[in-house]
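K.L.:
Before we start, here is the structure in question, set down as structure tokens.
Values quoted throughout were computed directly from the atomic coordinates according to the rules given, and no laboratory measurement underlies them. Just so it is clear, the structure is predicted and the values come from calculations on it, not from any experiment. Glycine also receives a Cβ, built like all others from the backbone with ideal geometry; neighbour counts cover every protein chain displayed.
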Amino acid sequence: MLQAQLTIDPAHRVAPVRRRTFGTFVEHLGRCVYTGIYEPGHPTADEEGFRGDVLALTRELGVTTVRYPGGNFVSGYRWEDGVGPRDRRPRRLDLAWHTTETNEIGIDEFVRWTRIAGLEPMMAVNLGTRGVQEAVDLLEYCNIPSGTALSDLRIANGAKEPHDIRMWCLGNEMDGPWQIGHKTAHEYGRLAAETARAMRMVDPGLELVACGSSGSSMPTFGTWEATVLEETYDLVDHISCHAYYEEKDGDLGGFLACATDMEHFISTVVSTADQVGARLGSQKKISLSFDEWNVWYLSRVQAEAPRQDWPIAPPLLEDHYHLADAVAFGSLLITLLRHSDRVAAACMAQLVNVIAPIMTEPGGRAWRQTTFHPFAQATQHARGDVVRVEPVCPTYETAEFGEVPVLHAVATQDGADTTLFVVNRSTTEPLELELDAGPLGAGGGAVRIVEATTLTHEDVYARNSADDPDRVAPRPNTSHRSDPLRIVLPPVSWNVIRLSRA
Ligand code: AHR
């Protein structure tokens, strides 16, 4: 059995837990919208066609913000197609995913769904095929109370109150050659700056996100952020980061350490942004909107033959996650929390069916994928302040990231209650973790573990399904002992340990 020690010291406070860390993403892609959040005629659908089972799971997941409508989709999207009487809405080719968009759901229905679900909408504008005017028009439609052509159109379409969307993404992944209307950093930086300037003329209080890199392996990574921020520094609040990870060539140990790349991604973007700020003599700090992150078996999609037809809402990117995926996913979530001082928002991509924690059958059941659990536990238990912890633990060698620690952890602290989120990356060994909660105990009685759960499985490739929805789910971990405080963490596991001062 491996051995490790971990000290929880409130002096290592990072920042308050930010609720926007727990955002998600709904794109017009595959079955995320149609037969995902929306399916009129489904046995659980309400009178507006929203699936009640998906709404219940969304609430249980505890997501906070939701980015919409893309993704790659937004770079060819005409928002006007999705408003007004449904029978007059056009069908369009969606070039991004080679499908047909019916526009049955548009901005008004989506905002309505976020209100029912209790989520904050976060909107992306099309800077691929469109520009400043269309972005300002959409803002007028959404946020101006009344008395202008577009705000009155919204009211005529049934949305009396303004949507009041605070956070806006200036395009999507404009650094990617796959993006419709892909641009160089300089071209995009200029367009983003002019769009931001005009949007701020409408509403100076908006929070604006400039597109950063779509991955740390992009050839322009770093220089893209520097150029874009040179153009937009005073006009935006956040720069976006996108990252997806998958197990490659059977290298499970390397995959479980993928958060090492996310750590590097965040620190590189923070230093790049701060360097631009210093060069401009600005006191302002740009924060990060990690508005797409997840495990995604993208290489499988890239290996598929290009689609020839234009189907409506076909199954696309429907990854079925196993236990190891959930553990890697948990480690990514730990990384986002550890950087709460600079990561202001994050969106787990996506919410339902498309690389998602929630899966549905058209007309049938909905269930929790393995990745649902780390996310739901974090939204439930991450409270108060984020506290950085650095376990003293064994390391192992990976081909991609060199030597990495076997444990990855973060704590949150709220008064007398502390929660530790910890991943054991060892593929073979359980680990006995000794906890030093000394400074925690200083203000009162002894600290004890009040609850511990573990997400693991003897088969690291075990998945959940509609027929076996709870095959991989958190179970109580009863191995903990006092004096000293210790607990055994199984190999390939995500663990939530709740401590309290007596
Ligand atoms: O989330 C799936 C896709 O991944 C998004 O549409 C795009 O922004 C990213 O490449």
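K.L.:
Work out, step by step, the length gained on full extension between T478 and H182: first 0.36 nm times the residue separation, then minus their alpha carbon distance; give nm to one decimal. If you can, show how the numbers build up before the last one.
P.N.:
Values: separation 296, 0.36 × 296 = 106.56 nm, distance 5.29 nm.
That pair, T478 and H182, stretches by 101.3 nm at full extension.
K.L.:
Below 8 Å between Cα atoms, with a sequence gap of 6+, how large is the relative contact order for the chain in percent? It would help to have the intermediate numbers written out before the result.
P.N.:
Numbers: 1153 pairs, mean separation 102.6, N = 502.
RCO, the chain: 20 percent.
K.L.:
Which angle from 0 to 90°, rounded to the nearest 10, does the C-alpha axis of helix 323-338 make with the longest principal axis of the chain?
P.N.:
Helix 323-338 sits at roughly 80 degrees to that axis.
K.L.:
Taking just the alpha carbons, could you work out the radius of gyration and Dmax for the chain, both in angstroms?
P.N.:
Rg, Dmax (Cα atoms, Å): 22.7, 70.
K.L.:
Rounded to the nearest 20 Debye, what is the dipole magnitude of the range 1-127 about its Cα centre when Lys and Arg each give +1 and Asp and Glu each give -1 at the C-beta?
P.N.:
So the dipole magnitude of the range 1-127 works out to roughly 380 debye.
K.L.:
If one computes the Cα centroid of the range 336-405 and of the range 1-38, what distance in Å separates the two points?
P.N.:
5 Å
K.L.:
Moving on. With θ taken as phi - 60° and the coefficients 6.51, -1.76 and 1.60, list the Karplus ³J(HN,Hα) couplings across the range 418-423 in order, rounded to whole Hz; mark glycine and proline as x.
P.N.:
10, 10, 10, 10, 9, 10
K.L.:
Here is a follow-up. Taking K285 as the anchor, which aspartates and glutamates have their alpha carbon closer than 20 Å to its alpha carbon, excluding any fewer than eight residues away along the same chain?
P.N.:
E207, E225, E230, E231, D234, D237, E263, D274, D341
K.L.:
Find how much the distance from A446 to R279 grows on full extension, using 0.36 nm per residue of separation minus their present alpha carbon separation; answer in nm with one decimal. Spell out each step's value before the answer.
P.N.:
On the way: separation 167, 0.36 × 167 = 60.12 nm, distance 5.01 nm.
Difference between extended and current length: 55.1 nm.
K.L.:
Based on the Cβ-Cβ distance of D249 and S146, what FRET efficiency does E = 1/(1 + (r/R0)^6) give at R0 = 60 Å, to the nearest 0.05? Can you show the working numbers first?
P.N.:
Details: r = 58 Å, r/R0 = 0.97.
The formula returns an efficiency of 0.55 here.
K.L.:
Let me ask you something else. Can you order the peptides 484-493, 330-339 by their average number of other Cβ atoms within 10 Å per residue, highest first? Let's see the in-between values first.
P.N.:
Values: 484-493: 20.5, 330-339: 25.5.
Per-residue Cβ counts within 10 Å, averaged per peptide and sorted highest first, yield 330-339, 484-493.
K.L.:
Same structure, new question: Choose one of I239, P306, A345: the residue whose Cα lies farthest towards the positive end of the charge dipole of the range 226-369 (beta-carbon charges +1 Lys, Arg; -1 Asp, Glu; about the Cα centre).
P.N.:
Result: A345, furthest along the dipole toward the positive end.
K.L.:
For the Cα atoms of the chain, what angle does the longest principal axis make with the long axis of helix 132-143, in degrees from 0 to 90, nearest 10?
P.N.:
Once rounded, the angle reads 70 degrees.
K.L.:
Which ³J(HN,Hα) values in Hz, rounded to whole numbers, follow from the phi angles of the range 84-94 under the Karplus curve 6.51 cos²θ - 1.76 cosθ + 1.60, where θ = phi - 60° and Gly and Pro get x?
P.N.:
x, x, 4, 6, 9, 7, x, 8, 10, 6, 9
K.L.:
Would you give the gap between the C-alpha center of the range 192-212 and the C-alpha center of the range 39-114, rounded to a whole Å?
P.N.:
Result: 24 Å between the Cα centres.
K.L.:
Could you give the angle, 0 to 90 degrees to the nearest 10, between helix 372-381's Cα long axis and the longest principal axis of the Cα atoms of the chain?
P.N.:
Long axis of 372-381 versus the principal axis of the chain: about 80 degrees.
K.L.:
What do you get for Rg/Rh of the range 270-359 when both radii come from the Cα atoms and Rh is the Kirkwood radius? Show your work: numbers first, answer last.
P.N.:
Details: Rg = 17.8 Å, Rh = 15.9 Å.
Value, to two decimals: 1.12.
K.L.:
Ranked highest first by the average count of other Cβ atoms within 10 Å around their residues, in what order do 449-455, 361-367, 404-410, 31-37 fall? Mind dumping the intermediate values first?
P.N.:
On the way: 449-455: 18.7, 361-367: 14.9, 404-410: 23.1, 31-37: 25.1.
Highest to lowest by the protection proxy: 31-37, 404-410, 449-455, 361-367.
K.L.:
Given contacts defined as C-alpha pairs under 8 Å and at least six residues apart, what's the relative contact order of the range 308-373, whole-number percent? If you can, show how the numbers build up before the last one.
P.N.:
Working: 61 pairs, mean separation 25.3, N = 66.
After rounding, I find 38 percent.
K.L.:
Quick one: if you stick a label point 7 Å off each Cα along the C-beta vector at T44 and A305, how many nm between them?
P.N.:
3.7 nm
K.L.:
Would you mind working out the magnitude of the charge dipole of the range 282-395 relative to its Cα centre, with +1 at each Lys and Arg C-beta and -1 at each Asp and Glu C-beta, to the nearest 20 Debye?
P.N.:
Details: 10 positive and 11 negative charges, 83 e Å.
Its charge dipole is roughly 400 debye.
K.L.:
If you count the DSSP beta bridges with both ends in the chain, what percent of them are antiparallel, to the nearest 5?
P.N.:
Details: 52 of 91 bridges.
Of the beta bridges lying entirely in the chain, close to 55 percent run antiparallel.
K.L.:
Let me ask something additional. Relative to the present Cα-Cα distance, how much length would full extension add between E361 and R200 at 0.36 nm per residue of separation? Numbers along the way, then the final one.
P.N.:
Numbers: separation 161, 0.36 × 161 = 57.96 nm, distance 4.24 nm.
Taking 0.36 nm per residue and subtracting the Cα distance, the gain is 53.7 nm.
K.L.:
So what is the relative contact order of the range 27-174, in percent, for Cα pairs below 8 Å that sit 6 or more residues apart?
P.N.:
Value for the range 27-174: 23 percent.
K.L.:
When the Karplus curve 6.51 cos²θ - 1.76 cosθ + 1.60 is applied with θ = phi - 60°, which whole-Hz ³J(HN,Hα) does each residue of the range 57-73 get, with x for Gly and Pro?
P.N.:
5, 4, 5, 5, 5, x, 5, 10, 10, 9, 7, 6, x, x, x, 4, 4
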